[in-house]
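K.L.:
Pasting in a structure now, in structure tokens, and then I'll have a few things to ask.
The values are calculated or read from the model by the stated rules, or taken from the named source; none is laboratory data. Bear in mind the structure is a predicted one, so any value in this text is a computation, not a measurement. FYI the Cβ positions are ideal-geometry reconstructions off the backbone, even for glycines, and counts take in every protein chain you see. These accessible areas exclude ligands, DNA and RNA; they are computed on the full protein's heavy atoms, side chains included. Shrake-Rupley method; radii C 1.70, N 1.55, O 1.52, S 1.80 Å.
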Amino acid sequence: AKSHGRGNFQFYSPAMNVATHERLLMENRIWVALGQQQFELYLQPQVSLDNGRVVGAEALLRWDHPELGLTGPERIIPVAEESGLILALGDWVLARAVALMAEWKRDGFAGLRMAVNLSARQCHGRELLPRLDRLLADAGVDPSLLELEITESAAMHDPEHTRHLLRALRERGINVAIDDFGTGYSSLSYLKLFAIDRIKIDGSFVTDIETDPNDAAIVTATIGMAHAMGLTVLAEGVETAAQRNFLRLHVCDEAQGYLFARPMPPAQFREFMMRAKG
Ligand code: C2E
Ligand code: CA
Ligand code: CA
Ligand code: CA
């Protein structure tokens with residue numbers, strides 16, 4: 001029994017009933033979790049390769065469930081996407097991210113950028129812009145310190161809509177990064193169509209960067225192309241000093257990965273930043 005499109009099942013099987021039950025259970029848990037504040041955004045530093053300074057952090061969803069324990073987004077996001085819960089969850093993510101930005105401001109972390117992942121459904125709803133305006137204004141946070149990460153496939157789902165959205169974000173000073181660059185099936189044409197600020201090179205191209213000439217070629221060509229277009233480049237999944245050195249040599253602007261730090265709870269990130277300030 002395969003589904004033909006979302007929620008359009010052809011026939012039932014016991015296996016699918018289990019899967020459906022499991023999904024409904026998960027949906028219900030997500031609702032409860034939203035009400036009970038079980039979600040948190042972990043923060044992973046983004047580092048300038050010029051000087052090693054932390055220039056921002058990516059907010060990554062975590063769920064501390066009373067029975068399931070600490071759960072990453074791979075169990076949450078797909079269920080939330082399927083059910084439409086992603087809108088409520090995505091809204092919580094935005095609100096929490098902006099609240100953390102207000103805390104950073106109070107802590108004196110001037111100029112620190114907050115990068116937030118947007119789901120495809122969030123990009124295509126009408127709520128996003130007014131919601132962002134309200135959140136940022138209420139918190140007194142500078143929009144140019146917010147960056148929204150969208151994937152190629154989310155952007156290309158409805159290119160005309162995306163073009164308008166990204167224009168509107170740019171008017172507000174909000175940054176946009178293309179996430180998981182190089183992993184989608186879309187063409188490069190959107191790079192000239194969309195008003196973006198940054199390309200995030202997917203970690204899968206970074207892993208073997210020193211040994212696989214194809215990965216090295218893709219990464220160096222992406223950096224060259226991005227710079228020629230006036231975009232900055234961040235490499236994801238940097239785990240070794242050798243990978244960092246390669247990227248620095250090829251003038252990649254920024255990097256993120258376990259080499260620098262793992263995603264951590266906000267309080268720990270605060271300490272991390274205090275130590276970095278000296
Ligand atoms: P992503 O946006 O590509 O996020 C980067 C993922 O790589 C994160 O996984 C991060 O923990 C992991 N990572 C960071 N450094 C390294 C490294 O050096 N090596 C390796 N192997 N991995 C590294 P995570 O937190 O499990 O998130 C997975 C995906 O879930 C994210 O991929 C993103 O697509 C999605 N996601 C996370 N938070 C949110 C959210 O708030 N909203 C939405 N819509 N999606 C989210
Ligand atoms: Ca991301
Ligand atoms: Ca990514
Ligand atoms: Ca990814």
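K.L.:
Got a sec? Which strands (runs of 3 or more DSSP E) wholly within the range 15-122 have at least 2 residues that are open to solvent by less than 30 Å² (accessible area, probe 1.4 Å) and free of Cβ contacts under 8 Å to residues at least 40 places away in the same chain?
P.N.:
Per the criteria, 54-65, 69-71.
K.L.:
Sort out which residues of the range 260-278 are under 19 Å from the mean Cα position of the chain (by Cα) and within 16 Å of GLY52 (Cβ to Cβ), and write them in order of number.
P.N.:
Hits for the range 260-278 are PHE260, ALA261.
K.L.:
Now for a separate question. Read through the list (1) surrounded by fewer than 18 Cβ atoms within 10 Å (Cβ to Cβ); (2) of a type in the set (S, T, N, Q); (3) within 21 Å of SER119 (Cβ to Cβ), then give the number of the only condition that THR151 fails.
P.N.:
(1)
K.L.:
Looking at the range 195-211, is at least one residue within 20 Å of ARG163 (Cα to Cα) and touching a residue at least 60 places away in the same chain (Cβ under 8 Å)?
P.N.:
no
K.L.:
Select the helices (runs of 4 or more DSSP H) contained entirely in the range 169-269, then report the ones holding at least 1 residues which are more than 14 Å from ligand 3 (Cβ to nearest atom) and of a type in the set (Ser, Thr, Tyr).
P.N.:
Details: elements: 190-193, 213-228, 241-249.
Where helices (runs of 4 or more DSSP H) fall fully within the range 169-269 and carry at least 1 residues being more than 14 Å from ligand 3 (Cβ to nearest atom) and of a type in the set (Ser, Thr, Tyr), they are 190-193, 213-228.
K.L.:
Right, something else. Exactly one of (1) under 14 Å from the mean Cα position of the chain (by Cα); (2) more than 24 Å from PRO45 (Cα to Cα); (3) polar (S, T, N, Q) is unmet by ASN117. Its number?
P.N.:
Only one criterion is unmet by ASN117, namely (2).
K.L.:
I would also like to ask the following. Go through the range 249-269 residue by residue and tally those that are under 14 Å from ILE201 (Cβ atoms) and open to solvent by 40 Å² or more (accessible area, probe 1.4 Å).
P.N.:
3
K.L.:
May I pose another question? Just to be sure before I move on: is LYS192 of a type in the set (Lys, Arg) and within 15 Å of ligand 1 (Cβ to nearest atom) in the structure I sent?
P.N.:
Considered against the rule, which asks whether it is of a type in the set (Lys, Arg) and within 15 Å of ligand 1 (Cβ to nearest atom), LYS192 comes out as no.
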